[in-house]
1. Any idea which of (1) in contact with a helix residue (DSSP H, G or I) (Cβ under 7 Å, 6 or more places away or on another chain); (2) of a type in the set (G, A, S); (3) in a helix (DSSP H, G or I) is the one G504 doesn't satisfy?
2. For S418, only one of the following conditions fails: (1) surrounded by 17 or more Cβ atoms within 10 Å (Cβ to Cβ); (2) of a type in the set (S, T, N, Q); (3) under 29 Å from I453 (Cβ atoms). What is its number?
3. Kindly list the number of the only condition in (1) among the aromatic types (F, W, Y); (2) crowded, with 24+ Cβ neighbours inside 10 Å; (3) out of contact with any His (no Cβ under 7 Å at 6 or more places or on another chain) that fails for F268.
4. Going through the stretch 422-438 one residue at a time, which ones are part of a helix (DSSP H, G or I) and away from the ligand (no atom under 16 Å from the Cβ)?
5. May I ask you to list the residues in the stretch 200-247 that are under 13 Å from S270 (Cα atoms) and among the acidic types (D, E)?
6. Go through the stretch 136-173 and give me each residue that's touching a residue at least 60 places away in the same chain (Cβ under 8 Å) and acidic (D, E).
7. Among the helices (runs of 4 or more DSSP H) contained in the stretch 172-284, which hold 1 or more residues that are closer than 30 Å to G162 by Cα?
Amino acid sequence: MVSEYSDEIKKDIELIERYQKEMTLLGQASALLHWDNSTYMPKNAALGRAEQLAFLRSLVHEKMTSLEFSESVFRLLERKDELSSRDRLMVEKLSKNIGKAGKLSKEFVERLSKTCSMSFDAWQKAREKKDWEIFRPHLEKVVELKREEARLYGFSGSLYNGLMDDFEEGMSVEKIRPVFEKLKVGLIELLSRIESSDRYREQEEESGGGIKEKEFPHAMQIEMAKEMAVSLGLSEDYGRLDISEHPFSTHIGQGDLRITTNVRDDPFFSIGSTIHETGHSLYEYGLPDDECYNVLGQAASYGLHESQSRFWELMVGMSEEFWRHFFPKFDEKFGLDGRFDDWFRELNMVKKSPIRIESDEVHYCLHIIMRFEIAVGLIDGAIEVRDLREVWNSKMMEYFGIEVKDDKEGVLQDVHWSEGYFGYFPSYAIGTIYASQLYSKMVEELSGIKDEISEGRFERVRDWLCDRVHCHGSKKLADDIVKNVCGKGLDVDAFLGYLNGKYGELYGF
Ligand SMILES: [Zn+2]
C-alpha cells in the first residue's frame, strides 16, 4: 500500500514516523530517570532530577505541538481515504494527541512536571515520618495544576473526565459510576456471605499459629520473587528486579524491562507484587515490535495494562495449580513443614486491610472505588486537599470499619496522586474485571492449561495473552480487544461470578 502513495504522502508519513521515534526515545530517557529516581538516586538529587525530567518532557511537548509535525499530520488526515487502515489509524490518534497537547503551553508542562517531581520527593519523606503535613502543601499545588489541566482540556461532564481520558480512552465518570455502583453492591453482598460463614468465624477465632507469622527473611523473599519472575518469562537478559518504596514496572527501551518490589513481613507482598509487575512487563514485551516507535505500539489502555498484571497476580499467582509448582521450593527455603493447605488457605484469606496493595481480592475493588470517589471530589472541587486526611480516614471507617493507625497506612499509602496521576485508579478495577474475563476464556480455550501451570510451564499462557491481547498494541480500543476475545466488553457480572465461585468454595457456601 505504502509503495502506491504519492511523493507528498510518503514524505509526510516519513516525517511523522521520525517525530514519533524521537518522542518515544525522549520518553524512554525520562522513564530511566524516573526509575533511578525511585530506586537508587541520592536523597539530595531531587531538585536536579526535577529539572532534567521537566526539560525532557517539555522537549516531547515541543515536538508534539511543532508546526512541521502537526502540519504533516493534518495534511494526511485530510487525505485519510488514500491511506492504509494502519496509517489512517496512526494519523487519527496523532491528531487527537496533538489537539490535547496544543491546549497546554510548554511553560505549563514544565511547571506541572517539576511540581510533580518535588511532590513525589515530599511524599517519600512524609511516608518515612508518617506525617501527612509534609506532603499536604505539595499535593495542594499538584491538585491545583491538575484542575487547571482538566479545564484546559475542556471535556464535558465532570472535570475529572479530562484527566481520565489519558488512562482510559472514551471512559468517563458518568459511564464508570454505575459500573462501580453495581460492583460495590455485588462485593458487599459477597462479603456478607463470607463473613457469615462458619469458616470465616473459625478464621476470626483462631489466634496465632498462622503460617505467615513465621519469619520470612527479606533477602530470601527477594531471591524467591526473582526466581518466580524469571519462571513466568521475565528473563534477566531483558529484565531487572529492584526495590522501591512503591512497586512499579517500566519499559526503558528495546530489551529493557524493569520492575520493582518491596518487602513486608507477609511474604506474599513481595511475591504478589513481583508477579503483578511481571505481568505488566510481559505485556510491554508482547507489544508489536514493528510499531515500537509509534503510537500504535503502545498499550491500548491502563485498564488493559492492569488486566495483564492482575491476571498473573490473582488468577495465576493465587491459584492452587501455581502453588502446587512453587510451594516445594518455598517450603524448602522457608521451612514450612509441608503445610501446603495452611499456606494456600492463608494466601486466599478474606481479611480487611487498611492498605490497598495488601488487600485481598474481594476487598480490593472497594479500595479503588473509594479512591475514585475521593479523586473525583478533589478535581471537581467538592473536596479540598486540606481536608483530605479526615475524608480518607472517615471513608476507611465507612467502607471497611477500619480505624486508620497512622498516615503511612492511611492517606500516604499510594504514590499516584503525588506524581499527578489523577484518573489512574479506575483502571485497576477495570483491569481486574477484564483479567477475570480473560482467564475464564483462556481456561475454556486451552485444555490442560491448569496442569501445565501446576508443572511450572507458562509458555502457553504467555503465548495466548500475546496472541489475544498484546499483539494488537493500541490498534484497537481496550474494550474491543476484550470483546473480541471474550464476546463481551467490561463485564462486572463475570467478575462477580468468578469471585462468588472461588470464595464460595473456599468459605463453604
Ligand atoms: Zn499495576
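1. (1)
2. (3)
3. (2)
4. Hit for the stretch 422-438 is Q437, nothing else.
5. Within the stretch 200-247, E223, E227, D242, E245 meet the criteria.
6. Within the stretch 136-173, E140, D165, D166, E168, E169 meet the criteria.
7. Correct list: 173-195.
For (1) crowded, with 20+ Cβ neighbours inside 10 Å; (2) within 12 Å of the ligand (Cβ to nearest atom); (3) among the polar types (S, T, N, Q), each residue gets a yes or a no:
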site	(1), (2), (3)
G286	yes, no, no
E291	no, no, no
Y302	yes, yes, no
E306	yes, yes, no
W312	yes, yes, no
K333	no, no, no
D341	no, no, no
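No value in this document is a laboratory result; all are computed from the given coordinates. What you are looking at is a predicted structure, and each value in this text was computed from that prediction instead of being measured. So basically every Cβ, Gly included, is an ideal-geometry build from the backbone, and we count neighbours across all protein chains shown.
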